[in-house]
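The values are calculated or read from the model by the stated rules, or taken from the named source; none is laboratory data. All values derive from a computational prediction rather than experimental measurement. Note that each Cβ is placed from the backbone with ideal geometry, even for glycine, and that neighbours are counted across all protein chains shown.
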């Protein structure tokens, strides 16, 4: 009963993982072409492990602005703090799980995890996505460093469209919740509209401002009403077997579900 | 110099990630605010997807990429398998670029 959904997660993660190998390769090739020593992109992919910040840092280092490379990269990665707040209870209670899980937490891992119902299934989804995507990104980087310019431009293969489409597909189940949908729409609009004017990373953080719509006056219910433990009852539909990130599903369903209960 | 940049970026990024994870236990958040966390994460991911779909270096990314993303989202909406969503998004974008669409 458990292997089915897990296999679905594995298959879905593999799809994004394949795209990640290709983009990792383009990162490795780009870093070497920018004049960095061969070890630099490989070490970056292992230790930093944040694609957007890595591309940005290499660009700024090559342009001779090392301090800006660090600051801009950290601003871009600030979103991982709220991701950590959300996933903190999912990776497991042991210290090594927290430390390793923190390092392996990315946008895609977060999306795959939250697309699963809270509980053991969600924890397994986190570790499947975390492990596979880390391996994919680093494998890609090494390939790119070795192959250099022999690889084509990933844009020619449309890979830049694969990631946003995958993220949105994973989000669809949580967007069925009305409150989540409104917050996400306002947040996404804020981010897109401010992108031309603000440094990279800040617009996405501004999306948290979308939460304010939950506090607008005139709503019949007070903010964060409990939508019920929707995640547990959802059937396997949609990407990664469905599930919901609806209001209340994470905290509510976890509280209601004894550890180790079948999903 | 380069190694210092890499280590600073790595330490800072790990610090941001770990801070969130550890704060979850340390902060005694009231129940209603804990319920906002997954909603906030969904907003961040939606914003990330929207900016990645529409913009490149703070400018409009052109038509091929959002068209591919839209194709993928429509398939996901019709409950197509995730793999198909990803492949279709990339495929439509690649095809449009092949045809000369920016």
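The condition (being at the interface with another protein chain (Cβ under 10 Å from one of its Cβ atoms) and farther than 30 Å from residue A:175 by Cβ) is satisfied by just one residue among A:145, A:58: A:58.
Pairing residues of the range B:44-56 that are in contact (Cβ under 8 Å) with a residue 24 or more places away in the chain and facing another protein chain (nearest Cβ under 7 Å) with residues that are surrounded by 24 or more Cβ atoms within 10 Å (Cβ to Cβ) and assigned to a helix (DSSP H, G or I), at Cβ distances under 7 Å and at least 6 apart in sequence or on separate chains, gives no pairs at all. Among the residues that make up the range B:19-27, is at least one of them more than 7 Å from every other protein chain (Cβ to nearest Cβ), touching a residue at least 24 places away in the same chain (Cβ under 8 Å) and part of a loop (DSSP other than H, G, I, E, B)? Checked the range B:19-27: no residue is more than 7 Å from every other protein chain (Cβ to nearest Cβ), touching a residue at least 24 places away in the same chain (Cβ under 8 Å) and part of a loop (DSSP other than H, G, I, E, B). Scanning the range A:45-55 for residues that are facing chain B (nearest Cβ under 9 Å) and within 10 Å of residue A:138 (Cβ to Cβ) returns A:46, A:49. Look at residue A:24 and say whether it is under 21 Å from residue A:150 (Cα atoms), more than 9 Å from chain B (Cβ to nearest Cβ) and part of a helix (DSSP H, G or I). Here the answer is yes, as residue A:24 does meet what is asked. Filter the range A:32-50 down to the residues that are crowded, with 20+ Cβ neighbours inside 10 Å, in a helix (DSSP H, G or I) and modelled with pLDDT of 95 or more and list them by number. Scanning the range A:32-50 gives A:40, A:41, A:44, A:45.
So which of B:39, B:87 is surrounded by 19 or more Cβ atoms within 10 Å (Cβ to Cβ), touching a helix residue (DSSP H, G or I) at 6+ places or on another chain (Cβ under 9 Å) and more than 7 Å from chain A (Cβ to nearest Cβ)?
On inspection, the qualifying residue turns out to be B:87.
Among residues of the range A:168-190 being crowded, with 24+ Cβ neighbours inside 10 Å and under 16 Å from residue B:52 (Cα atoms), the one that is farthest from the other protein chains (Cβ to nearest Cβ) is A:170.
Scanning the range A:198-212 for residues that are facing chain B (nearest Cβ under 8 Å) and modelled with pLDDT of 95 or more, which turns out farthest from residue B:33 (Cα to Cα)? Walk me through how you get there before you give the answer.
Initially, the range A:198-212 is screened for residues facing chain B (nearest Cβ under 8 Å), giving A:200, A:203-208, A:210-211.
Keeping just the survivors that are modelled with pLDDT of 95 or more gives A:203-208, A:210-211.
Working: A:203: 23, A:204: 20, A:205: 18, A:206: 18, A:207: 17, A:208: 13, A:210: 15, A:211: 11 Å.
The residue in question is A:203.
I'm trying to understand the selection: among the residues of the range B:62-88, which are under 23 Å from residue B:100 (Cα atoms) and not in a helix (DSSP H, G or I)? If the condition is that a residue be under 23 Å from residue B:100 (Cα atoms) and not in a helix (DSSP H, G or I), then B:62, B:63 are the ones that fit.
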